[in-house]
Amino acid sequence: NPVRPRPSHGSRGDGQGGLSVLIEWQKILLFLAAHEKLLKLCLEALAILAAFLTLCILYRQNNFMTEQFRLEQRAWVGPVEVVVPDSPMGYFGAWLINSGKTPAIKVVGEVSQQLIPISRAFTPQYKPVGDAPSASVIYPEMRVKIDSMARLIDFLPFEQEQVAKGDYRFYLYGNIKYQDVFKQEHLSTFCLYMATDLKSFKVCDTYNNVN
């Protein structure tokens, strides 16, 4: 008698596995059908969240671009040269320049001076910046002079000798307040001291800040 092939256990297992998958899919479909409204609400919430995140990204990008534009176009006012008087009654001071691309408005500048021993630590005593403008507007690349209260005649010969020997330092320092065309206020400080040649000035290690 011919031998009939017997079905393998593997074939029977594959069939049962496929049936289990179909049952699981059926459960999932039944769940989705029963909770259709909830799923729609979840999808709508995800869509709103995605839209909100997109708006946040666009807002930050716009703020960054606006700030970059303002920094590139704003006024930048600071000293570029010390005014050394050429007559006894002349005043020490500083030349300011606007190195930015737009005018600086409501500009107020104050210059102070100190003559102290080299052994003493220098601490600036800034004058309060008043409301009366030193120059109402400084246009791009425009130079404006502001004077201190120190005259050359007040810089006595023995004091000049002490500076020339390096025992004393003569400091010129000050602050500058102004607005840019974007209505942002700025306050910058500067500090320089006379070299031993009594003609040139050097930049201090501190107290030079541009805002």
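Measuring nothing but protein heavy atoms, the accessible surface of the chain at 1.4 Å probe radius is 60 percent carbon and sulfur.
Taking every C-alpha pair closer than 8 Å and separated by at least 6 residues, the mean separation divided by the residue count of region 80-128 gives a relative contact order of 25 percent. Put the Cα centre of region 157-181 next to the Cα centre of region 39-58 and the gap is 61 Å. Taking the chain as a whole, the Cys residues whose C-beta sits 4.7 Å or farther from every other Cys C-beta are C42, C56.
Filter the cross-link list K177/K202; K101/K127; K145/K199; K101/K199 down to pairs whose alpha-carbon distance in this structure exceeds 26 Å. Result: K101/K127; K101/K199 exceed 26 Å.
For the chain, the direction-averaged projected area of the alpha-carbon convex hull comes to 28.4 nm². Bridging of K27 to lysines at a Cα separation below 30 Å is possible for K37, K40, once same-chain residues fewer than 8 apart are set aside. Gyration tensor analysis over the Cα atoms of region 116-211 returns equivalent ellipsoid semi-axes of 30, 15, 12 Å (largest first, whole Å). At a probe radius of 1.4 angstrom, the accessible area of the chain per residue rounds to 69 square angstrom. Screening the chain for whole DSSP H helices with an alpha carbon extent of at least 15 angstrom along the helix axis and a mean Kyte-Doolittle hydropathy of at least 0.0 yields 9-34, 36-73. Rank N63, P128, L39 by how far each Cα sits towards the positive end of the charge dipole of the chain (+1 on Lys, Arg Cβ; -1 on Asp, Glu Cβ) and give me just the farthest. Looking along the dipole axis, the top candidate is L39. Considering only alpha-carbon pairs that sit under 8 angstrom and 6 or more positions apart, the relative contact order computed for the chain is 18 percent.
Could you compute the longest span of the chain free of trypsin sites (Lys or Arg not before Pro) located in DSSP loops and having at most 15 other Cβ atoms within 10 Å, not counting the site residues?
1-100
Once you charge only the Cβ atoms, +1 for Lys and Arg and -1 for Asp and Glu, what is the size of the charge dipole of the chain about its Cα centre, to the nearest 20 debye? Walk me through the numbers before you get to the answer.
On the way: 22 positive and 20 negative charges, 249 e Å.
Approximately 1200 debye in magnitude.
In a DSSP loop and with at most 15 other Cβ atoms within 10 Å, the chymotrypsin sites (Phe, Trp or Tyr not before Pro) in region 89-126 are Y126.
The values are calculated or read from the model by the stated rules, or taken from the named source; none is laboratory data. From a predicted model like this one, the values you see are computed outputs, not experimental measurements. Please note: Cβ atoms are built from the backbone with ideal geometry, for glycine as well, and neighbour counts cover all protein chains shown. All accessible areas refer to the heavy atoms of the entire protein, side chains included, with ligands and DNA or RNA removed. Shrake-Rupley method; radii C 1.70, N 1.55, O 1.52, S 1.80 Å.
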